[in-house]
1. For residues that are assigned to a strand (DSSP E or B) and closer than 19 Å to K110 by Cβ, tally how many sit in segment 60-80.
2. Evaluate the following for D121: is it out of contact with any Lys or Arg (no Cβ under 8 Å at 6 or more places or on another chain) and either under 23 Å from M18 (Cβ atoms) or surrounded by fewer than 16 Cβ atoms within 10 Å (Cβ to Cβ) (or both)?
3. From the list E56, E83, E49, which one is crowded, with 17+ Cβ neighbours inside 10 Å and outside any loop (DSSP other than H, G, I, E, B)?
Amino acid sequence: MGGFLVRDLLEFIRFIAMKKIAFVMQLKAGFEMEYKKRHDEIWPELVEELKSAGIEDYSIYLHRQTLQLFAVLKRTENHGMDELPQRTAMQKWWAYMADIMDTAADKSPKTTQLQPVFHLD
């Protein structure tokens, strides 16, 4: 029973140490269904890389009128997101998605960080 309590306490500590971030990306016109399809078939190796970088609870929403993609995720305090651009799976995913999104020279999606203005638990 004691081990169960310690495990729960460690999970709680990890949860409260997580930080939520949000950003927007831009989808190209006519690719709404393709974007969804590609994410429905997300590669297991990419999911593994994201999780190993401390990313959890990651969602992306589409604004149909502007084609902006609103992304929100939680990451651990000691996350490894800064190393993701060097990961092979991430580079391949960006190249795979580059034809349907606005991207930078390295094929990473152009992103704009969003500032939180309200939160309710």
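1. 10
2. Numbers: out of contact with any Lys or Arg (no Cβ under 8 Å at 6 or more places or on another chain): yes; either under 23 Å from M18 (Cβ atoms) or surrounded by fewer than 16 Cβ atoms within 10 Å (Cβ to Cβ) (or both): yes.
Criteria met by D121.
3. After applying the criteria, what remains is E49.
Since every read-out is calculated from the coordinates, none of them should be taken as a lab result. As the structure is a prediction and not an experimental result, all values here were calculated from the model. Note that we place each Cβ from the backbone using ideal geometry, even for glycine, and neighbour counts take in every protein chain shown.
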